Amino acid sequence: MAYTLGIDIGTYETKGVLVDAAGAVHAQASRGHQMLVPQPGWAEHRPEEDWWGDFVYVCRTLLRDSGVDPADIKAVACSAIGPCMLPVDAQGAPLMNGVLYGVDGRAEAEVRALTDRIGEDTIIARCGNALTSQSVGPKILWLKHSHPEIYANTAHILTSTSFLVQRLTGEVVIDHYTAANFSPLYDVETQDWIDDLADDILPLDKLPRLMWSNEIAGHVTRAAAEATGLVPGTPVTAGTIDAAAEALSVGVDRPGDMMMMYGSTIFIILRAQSKVTDPRIWYAPWLFAGEHASMAGLATSGTLTHWFRDQVARDLDPAEAFPALANEAAASPPGANGLLMLPYFSGERTPIHNIHAKGALFGLNLTHTRGDMYRALIEGIAHGTRHVTDTFAELGQSPTRLLAVGGGTKNALWLQATSNITGIDQIVCEKTVGASYGDAFLAALAIGTVERPEISTWNPAAHSITATPSASYDAAHDLFLRLYAQTKDIARALG
C-alpha cells in the first residue's frame, strides 16, 4: 500500500493525516499550541516549538498509531499559516519568533511609508495587492528598522511552510501562491522576485527559490529522518499556505469555485478565471502554473467564539461549552433581539484593512441574555463575511458554488446564519479534515499517483445549506456597515 502524509500548522493547532492512494484516511493526529501576543496588534509563533516541534510530534504519532511502514510513505506535503515572516541565519536557525500573517499589524508605519513612496496604483499593478498588514515586505522593513542586529545576521527570510520544508530537506523554497504576499517584492506578471519598487527592503538572494505547490522541493535528509521517523530520501513538495491546501481539500479546482474556511479566522479563496486586482481583496497565482486566485479574510472568527467562551461562559464545562452556547443562541431569534456585534477584535483585514478597528456589541438593554449576545457574535461574523462576498460580487466575482470547510462547519447555527445573511448556499464535503488532507492530495499529485479531478472522489459532497435571505437581515447588514462607519474614528482614538 502506498501512502502520502500531510501536515498543517494552524494558528492554534497542528493537524496531520496519513492517506492511501484512494483518499482513505488511515490515521489522524493533532497537537495544540498558542498564538503569542507580546503586545496589542502583534501575533507570533515559536518556530522551533510550534512549527517544527509540532511537525515532529504529529508525524511520529501518525506513524505509531497507523502502524504504517515509513517506507510506504511515498511523499510528504506540508502547509502552514501564512504569510509569516521569519529571519534565519546561515544554518537555518530562527533569529526571533515568527511574525504571523495579517493579524499582526506591527508594520503599519512601513506599510504607509512604502505606499506613499511607491504609490498604491503602482503596487497593485505590479504586485496584484495593496500593501496591508498581510504583506511581508513591510514586515521585513520593520525588522530592518527595529532590530538591525537581527537583520544583519539574516541569511534568509522564510515563511512558516518554507521553514518546515527547509528542516525536512535543507532546501530554501517558497511556492508562488505564498510569495505573492511578499509585496512589494513579487511581480505577479513575471512571477518572480523584484527589487525595483523598493531596493532597500532586502537583497533578493535572501528570499527563497520560487516553485509551484505540486513540485518536489527536495527529499527528507538523514537528520530530518532521525527526528521524524520518515525514511531518508522521501520526496517533499514545496507546500503552501494552509488556506490554499484547505481549498484544495474540498475540491476548489474550477474557475468559480469558492472556499469558505471556518477556522480561527474566516478565509475565502475563489478560483478566478483571470487576474483580479482590487485594494479591498488579495490576488495570487493559484497553486498551479497559469491559474489565478482571489482571496479575502476576516481577522477574528473562531478566535472570537473562544474568547466568548473563556470570558462570558466560565460557568460552563469548556468541553461542552460550544454546544450549550449554540442552544442558548438558538433560543434567540434572528437579529439577536436587536443586538449588533462588530467582530473586529484584532482589527480587520478584508475589505476594510483597518488594524485600528475595534470590536463592539451595540444595542444592549436589560432584557438581553447570553444567548442573544452569542447569537449577535455569530451573526456579526456572518455580516463581516457578507461584506466580503458583496465585494466579490461588485467585482463580478460571485461564486458558482461555495464549499465550506473547517472546524466551524460543526456549528450549524454559524453555517445557517452565514448562508442566510450572505444569501449564498453552501456545500459541506464528506471529509472536513481540512488543510492536512489537501496536503496529502498535493503530495499524491506531485508524484503522479492522482490527477486533479480525483479530489471529487477522494472527498465527495455530503450535504448542503440552503440560504433563506430576509429583509430583516438586509436591514441589519446596512446597520452593521453604518455602525462601523460611525465608530471607526472613535475606535482609532481609543488607541
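The values are calculated or read from the model by the stated rules, or taken from the named source; none is laboratory data. None of the values given here were measured: they were computed from a predicted structure. Don't worry about glycine lacking a Cβ; one is built from the backbone with ideal geometry, like all the others, and counts go over all protein chains shown.
Screening the range 430-467 for residues that are among the hydrophobic types (A, V, I, L, M, F, W, C) and exposed (fewer than 15 other Cβ atoms within 10 Å of the Cβ) and picking the one that is farthest from I241 (Cα to Cα) gives A462. Looking only at the range 194-228, residues that are among the acidic types (D, E) and within 19 Å of R126 (Cβ to Cβ) come to 4 in all.
Taking the listed residues T228, T221, the one that is over 20 Å from the mean Cα position of the chain (by Cα), over 26 Å from G434 (Cβ atoms) and not assigned by TED's automatic domain parsing to the domain that holds I268 is T221, with no other qualifying.
Let's see how each residue does on (1) touching a strand residue (DSSP E or B) at 6+ places or on another chain (Cβ under 8 Å); (2) within 16 Å of T391 (Cβ to Cβ); (3) in contact (Cβ under 8 Å) with a residue 12 or more places away in the chain; (4) not in a strand (DSSP E or B):
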| site | (1), (2), (3), (4) |
| --- | --- |
| K275 | yes, no, yes, yes |
| D278 | no, yes, yes, yes |
| A284 | yes, no, yes, no |
| A296 | yes, yes, yes, no |
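Could you tell me whether any residue of the range 424-435 is of a type outside the set (D, E, K, R) and assigned to a helix (DSSP H, G or I)? Yes, the range 424-435 contains a residue that is of a type outside the set (D, E, K, R) and assigned to a helix (DSSP H, G or I).
Within the range 449-469, identify whether any single residue is under 30 Å from A336 (Cα atoms) and modelled with pLDDT under 95, and answer yes or no. Yes - at least one qualifying residue is present in the range 449-469. The residue list P399, P351 contains one member that is closer than 19 Å to I465 by Cα, assigned to a loop (DSSP other than H, G, I, E, B) and in the same structural domain as H477 (by TED's automatic domain parsing), which is P399. Quick check on my filter: what residues within the range 298-310 are small (G, A, S) and in a loop (DSSP other than H, G, I, E, B)? Hits for the range 298-310 are A299, S301.
The strands (runs of 3 or more DSSP E) found entirely in the range 1-107 that carry 1 or more residues being among the small types (G, A, S) are 3-9, 13-20, 25-32, 73-80.
From the residues in the range 100-130 that are of a type in the set (D, E) and in contact with a Pro (Cβ under 9 Å, 6 or more places away or on another chain), which one is surrounded by the most Cβ atoms within 10 Å (Cβ to Cβ)? Looking at residues that are of a type in the set (D, E) and in contact with a Pro (Cβ under 9 Å, 6 or more places away or on another chain), I get E110. The number of residues in the range 383-418 being within 22 Å of Y437 (Cα to Cα) and either among the hydrophobic types (A, V, I, L, M, F, W, C) or without any contact (Cβ under 8 Å) to a residue 40 or more places away in the chain (or both) comes to 6.
The lone criterion from (1) surrounded by fewer than 17 Cβ atoms within 10 Å (Cβ to Cβ); (2) out of contact with any Gly (no Cβ under 8 Å at 6 or more places or on another chain) left unmet by Y484 is number (1). Can you find a residue in the range 403-414 that is assigned to a loop (DSSP other than H, G, I, E, B) and either within 17 Å of the chain's Cα centre (by Cα) or modelled with pLDDT under 95 (or both)? Within the range 403-414, one or more residues are assigned to a loop (DSSP other than H, G, I, E, B) and either within 17 Å of the chain's Cα centre (by Cα) or modelled with pLDDT under 95 (or both). Here E394, E379 are screened, and the one residue that is in contact with a Phe, Trp or Tyr (Cβ under 9 Å, 6 or more places away or on another chain) and among the acidic types (D, E) is E379.
Total residues in the range 444-486 satisfying the condition of being assigned to a loop (DSSP other than H, G, I, E, B) and either within 25 Å of G6 (Cα to Cα) or assigned by TED's automatic domain parsing to the domain that holds G233 (or both): the figure is 7. Any chance the range 311-322 includes a residue that's surrounded by fewer than 18 Cβ atoms within 10 Å (Cβ to Cβ) and not in a loop (DSSP other than H, G, I, E, B)? Taking every residue of the range 311-322 in turn, at least one turns out to be surrounded by fewer than 18 Cβ atoms within 10 Å (Cβ to Cβ) and not in a loop (DSSP other than H, G, I, E, B). For A152, the conditions (1) aliphatic (A, V, I, L, M); (2) closer than 29 Å to A223 by Cα; (3) touching a Leu at 6+ places or on another chain (Cβ under 7 Å); (4) surrounded by fewer than 24 Cβ atoms within 10 Å (Cβ to Cβ) all hold with the exception of (3). The set of residues from the range 264-292 being surrounded by fewer than 24 Cβ atoms within 10 Å (Cβ to Cβ), at negative phi and among the small types (G, A, S) comprises A272, S274, A289.
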